[in-house]
Every structure is written in structure tokens, then in C-alpha cells.
Amino acid sequence: MKHENLNAVFELTGEFMLDEDLWLHDCNAVGFFNHHHRTCKKDGATCSDMGHDGFEEGAKLISRLLARRVLEAKSPLWKLFLRSGEMSQHTEEAWKHIVLSFAKVRTRGRLKYDDPPAQAIVGAMLERFAAGRSIKELGSLFRSKAELELTLRNLAARKLGIRLNRIPAKHELV
């Protein structure tokens, strides 16, 4: 086999189809992987996920699970996203997309992280982010980017049941 052909072979993804339910208690981790840019065995050329970045899609999933109170400490999903009391590598890479997206918001309001509506607003922002909708209007209610990020990190720490210093800030991710 020529060297050029080896590259084509290694671009393909292996898929395994299970003809049964996959129980969450049998799983031990969640990983996010890029969808192949040209091939989809499930939906073919009509696949809307073709070419999508795995961590960006993971960020949407984590955002939705946090916003909808599905991913909470000691829930069945909880252990799938954490390793040794902190975010797993795949979770942290997806988290990076969330934090960097929130960091792009222009803040000009008065809301601080400890104001009563702050976490509810960040929860709504997570839901909008997961749906591919704008978060800038809600984010603009915050006094500063630091207040917005701290609220986001506080929400994640509370939901995941881990200490705030285990939730990476923007400067730790870049």
C-alpha cells in the first residue's frame, strides 16, 4: 500500500452498533469526538452534524444538561463528566468552549455574581448557548466579564458538586 493511501485509511471512524439499551450505570465516561467531515454511516450526505467539532458539540450538551438540571451532583450522569473530583479531560475541553463563548459577551449592566437572579440568568444563557442562540443580550446585564464568568463557574461548581477552584477559569484554559 502506498503512503498516500494510508492517510485515507486513518481518516475513517470505526462504528459499533448495539442492538440493545446502553444503561448509564454501565458507562464510566463521556467523550467528545469530531464527526468525519465527509462520511456519515447513519445519515449519509444529509447529516447535519457532518464536520462538526466534537468539543463544540460537547459544550452544547454540557450547557443543556446544566441548564435543565439534569447534570447535578450525584445524579446518574455526574460521574460520566468527572475524574478524581474534577472535570475529565473531555469535559474540560468542552467547558473551554463555553467559557470562551461567554467571554465574548459585552457586559454593561449592574448584575453581580451574588445577586439573586444571576444564576438563573446564566442558566438561561446556557440553554440559549446549547440551542445555538445569542447569549449577548442576557450577558450584557452583568457588571463585568469577571462577574459573568464567576457566576458561570459558581453555577457549574454547585451543579457538579465540586469546589469552585476545580472549575477552570478563562485564564486557566487559554
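Among (1) farther than 21 Å from GLY31 by Cβ; (2) assigned to a helix (DSSP H, G or I), there is one condition VAL99 misses while meeting the rest; what is its number?
Only one criterion in (1) farther than 21 Å from GLY31 by Cβ; (2) assigned to a helix (DSSP H, G or I) is unmet by VAL99, namely (1).
Kindly list, by first and then second residue, each pair from a residue in segment 127-140 that is closer than 7 Å to VAL105 by Cβ and in contact (Cβ under 8 Å) with a residue 12 or more places away in the chain to a residue that is aliphatic (A, V, I, L, M) and in a helix (DSSP H, G or I), limited to pairs with Cβ atoms under 8 Å and residues at least 6 apart or on different chains.
From residues that are closer than 7 Å to VAL105 by Cβ and in contact (Cβ under 8 Å) with a residue 12 or more places away in the chain, the pairs are ILE135/MET125; GLY139/MET125; GLY139/LEU148.
Tally the residues that are in a helix (DSSP H, G or I) and either surrounded by fewer than 19 Cβ atoms within 10 Å (Cβ to Cβ) or among the acidic types (Asp, Glu) (or both), restricting the search to segment 160-174.
The qualifying residues number 7.
When the residues of segment 116-154 are filtered to those that are in contact with a strand residue (DSSP E or B) (Cβ under 9 Å, 6 or more places away or on another chain), not in a helix (DSSP H, G or I) and not aromatic (Phe, Trp, Tyr), which remaining residue is surrounded by the fewest Cβ atoms within 10 Å (Cβ to Cβ)?
Ranking the qualifying residues of segment 116-154, first place goes to PRO117.
Condition test on ALA157, is it without any contact (Cβ under 8 Å) to a residue 40 or more places away in the chain, among the hydrophobic types (A, V, I, L, M, F, W, C), surrounded by fewer than 19 Cβ atoms within 10 Å (Cβ to Cβ) and closer than 21 Å to ARG83 by Cβ?
It is true that ALA157 is without any contact (Cβ under 8 Å) to a residue 40 or more places away in the chain, among the hydrophobic types (A, V, I, L, M, F, W, C), surrounded by fewer than 19 Cβ atoms within 10 Å (Cβ to Cβ) and closer than 21 Å to ARG83 by Cβ.
Every number in this text was worked out from the coordinates using simple rules, so none of it is lab data. These numbers come from a predicted model, not from an experiment. FYI the Cβ positions are ideal-geometry reconstructions off the backbone, even for glycines, and counts take in every protein chain you see.
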